1. Within region 112-154, find all residues whose amide N lies under 13 Å from a label point positioned 7 Å from the Cα of A97 along Cα-to-beta-carbon.
2. Give me the distance between the Cα centres of region 35-57 and region 80-154, rounded to whole Å.
3. Full-extension gain between A130 and M14, please, as 0.36 nm times their residue separation minus the C-alpha to C-alpha distance.
4. With a ≥ b ≥ c the root eigenvalues of the C-alpha gyration tensor of the chain, is it rounded (a/c under 1.5), prolate (a/b larger than b/c) or oblate?
5. For every helix of n ≥ 4 consecutive DSSP H residues, a contribution of -39,500 (n - 2.57) applies; sum these over the chain, divide by its total residues, and give [θ] at 222 nm rounded to the nearest 500 deg cm²/dmol.
6. Could you work out how far apart the two model spin labels at E7 and N55 are, taking each label as a point 7 Å from the Cα in the direction of the beta carbon, and quote it in nm?
7. Among V119, V31, which comes first, second and so on when ranked by fewest other beta-carbon atoms within 10 Å?
8. Can you tell me the dipole magnitude for region 8-152 around its Cα centre, using point charges on the Cβ only (Lys, Arg +1; Asp, Glu -1), in Debye to the nearest 20?
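Computed from the coordinates by the stated procedures, all read-outs in this text should not be read as laboratory data. As the structure is a computational prediction, the values presented were derived from the model and not from experiment. Cβ sites come from the backbone with ideal geometry, for glycine too, and all protein chains shown count toward neighbours.
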Amino acid sequence: MESSVREQSARFLMEFAASHRAQIGNASQIVLVAGAYASSLASIFTFEGGREKWNPVSGPIRGNTGKNGFAAPGTKREGDGKTPSGVFRLGTAFGYAPAIRTEMIYRQAGEDDFWVNDVNSPDYNRWVRARGGGVSWERMKRDDDLHKYGIVVEYNTSPVVKGLGSAIFFHVWRGEGEPTDGCISMPEDAIAGTLAWLHASAAPVAVMGAEKDLLAMP
């Protein structure tokens, strides 16, 4: 069963990559998050290769998206409980330990690290040291293990457009069927393994959303 699902995902990715080469760019690693609007459940796959051939590495991995599923491409908004759809670069890896196994740029999350989600703040959708006054923020070093391992999805980061959504990460899940506010969550061992596989020189991207809507993207 898993092999057929993996083969189906590989066929989809080949079709998508062939018609969206500009979005994939020079990436040689892809994390595919396949889901739907009405469900917060997702299947996660990893691939490596290039324009002519993408080879499955892992998956399906069980995961969760936002409590309201995926937003259609271009419709994600702050506070909607949805995960953005599209193709996004994977940025800084983060976690609680001083260092982890990864070839991505890594940043340890400390007590004074916050991600700002206040649309009225000049630091909206930025990781800052010290939260400042009067803004809404997410603590990067939480009191649980959700940010023990994580990686930033470069959604609405360059440029930042106020109100389009903030703080989109891959991180550790609470459990299967436990949705997020808009991030993608997965088992701790799975995200640790994914981070160990990812390499900054591969310019990795996440392809996220419902397959039919991703294929319809311009």
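1. 148-150
2. 23
3. Length difference between fully extended and current span is 37.4 nm.
4. Details: a/c = 1.60, a/b = 1.39, b/c = 1.15.
Prolate.
5. Numbers: 4 runs with 37 residues, N = 218.
So the helix-based figure for the chain works out to -5000 deg cm²/dmol.
6. With each label placed 7 Å out from Cα toward Cβ, I get 1.9 nm.
7. Values: V119 18, V31 28.
Fewest to most other Cβ atoms nearby, the residues stand as V119, V31.
8. Roughly 300 debye for region 8-152.
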